[in-house]
2 protein chains.
Amino acid sequence: MNQSATIEFERSHCPVANVLDLFGDKWTLLVVRDLILGKTRYGEFAQSVEGIPTNVLADRLKRLEMAGVVVKKAYSGKPLRYQYELTEKGKDLVPILEAMVAWADKHVPGVKVFPRYSGYNSSLE
Amino acid sequence: MNQSATIEFERSHCPVANVLDLFGDKWTLLVVRDLILGKTRYGEFAQSVEGIPTNVLADRLKRLEMAGVVVKKAYSGKPLRYQYELTEKGKDLVPILEAMVAWADKHVPGVKVFPRYSGYNSSLE
DNA sequence: TCCTGTCACTTGCTTTTTGCAAGTCACATA
DNA sequence: TATGTGACTTGCAAAAAGCAAGTGACAGGA
């Protein structure tokens, strides 16, 4: 809805700052995690254990789409229904998530990696 | 100030969710970045280009300290002054930041990695 | 002694973002 | 006709962020 060029470098040219401008909140990377785990539909994201508020979910999906991290496709036409998929840009976030999993494994006792029910090439554990 | 055990697993046992509970906002990892780059003092963090509000900075340093990611030490006693340092737990965040830098390098055109003026073993580029 | 400055914050207040519950709309099924 | 499902939207209270200004301990200089 906005031209994407003007949104960039809101804060600085630092790569970390730019990643945080896109993903620096409590929910966005959890939606990405769900996509990596194989979830594709709004209702599936909404059902995840963390309990994302539905308005926040709708907002995050919109932002991820505008950022080119996911694509929204209709998978049914009669009752119009959508599904979301990671783009290559989105799949390239896997190493970030993996680094987080590694850190938590080492420093947050008791965490449990979720089983995945669809596969991307990288392992995420 | 609080017992740290009760704060954990606010949302789920997912490692990603737990990392986001600690670092899931626009500022915390920027402070960690500055620490990795060699900054140690409150005033130095406050001067970074992104312009973190001072109240937010004070809050983030407190949280990072409570999480065991940084330690606060007095480096002067006559005018009482403090400096902050990453613990091992904090230094272990470097791979997460590196993964972010790699993603931004590939997907956000024009980002520039900051030069570092003090060194940890990992490269961060 | 008085004045100015630095460092490390804190306070007050406005704006923005979250979180929660409920509502909507297009269809499907019984 | 009545109920249900999927994908959202709306309204509103509560929490967090952003901004400017203030504070307190001390240092150095006139």
Using each residue's phi in the stretch B:61-75, evaluate 6.51 cos²θ - 1.76 cosθ + 1.60 at θ = phi - 60° and report the 3J(HN,Hα) Karplus result to the nearest Hz, with x for Gly and Pro. 5, 4, 5, 4, 5, 4, 7, x, 8, 10, 10, 9, 10, 7, 10
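State to the nearest 20 debye the size of the charge dipole of the stretch B:11-107 about its Cα centre, where the only charges are +1 on K and R beta carbons and -1 on D and E beta carbons. Let's see the in-between values first.
On the way: 15 positive and 12 negative charges, 75 e Å.
The calculated dipole for the stretch B:11-107 is roughly 360 debye.
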What is the average number of partner chain Cβ atoms found within 10 Å of a Cβ in A:20-28? 6
All aspartates and glutamates inside 19 Å of B:Lys72 as judged from Cα atoms, apart from same-chain residues fewer than 8 positions distant: B:Asp34, B:Glu44, B:Asp59, B:Glu85, B:Glu88, B:Asp92
How shielded is B:89-98 by partner chains, expressed as the average number of their Cβ atoms within 10 Å of its Cβ atoms? 4
Nearest-to-axis residue of chain B, judged by beta-carbon position, where the axis maps B onto A, in Å: B:Ala99, 2
Show the residues, 5+ positions off or on another chain, whose built amide H is closer than 5 Å to the amide H of A:Tyr82. A:Tyr75
Partners for A:Lys73 among lysines (Cα-Cα distance below 22 Å; same-chain residues under 8 apart left out): A:Lys39, A:Lys62, A:Lys89, A:Lys91
Which of the peptides A:43-51, A:61-69, B:30-38, A:28-36 is most tightly packed, and how do the rest follow, going by the mean number of other Cβ atoms within 10 Å of each residue? A:28-36, B:30-38, A:61-69, A:43-51
Average other protein chain Cβ within 10 Å of Cβ, residues B:108-114: 6
Put the label 7 Å from Cα along Cα→Cβ for A:Asp59; what are its distances to the other copies, in nanometres, shortest first? 1.5
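The numbers here are math on the coordinates, done by the rules we state, and not lab data. Note that the coordinates shown come from a computational prediction; the quantities given were computed from them, not determined experimentally. Cβ atoms come from the backbone with ideal geometry, glycine included; neighbour counts cover every protein chain shown.
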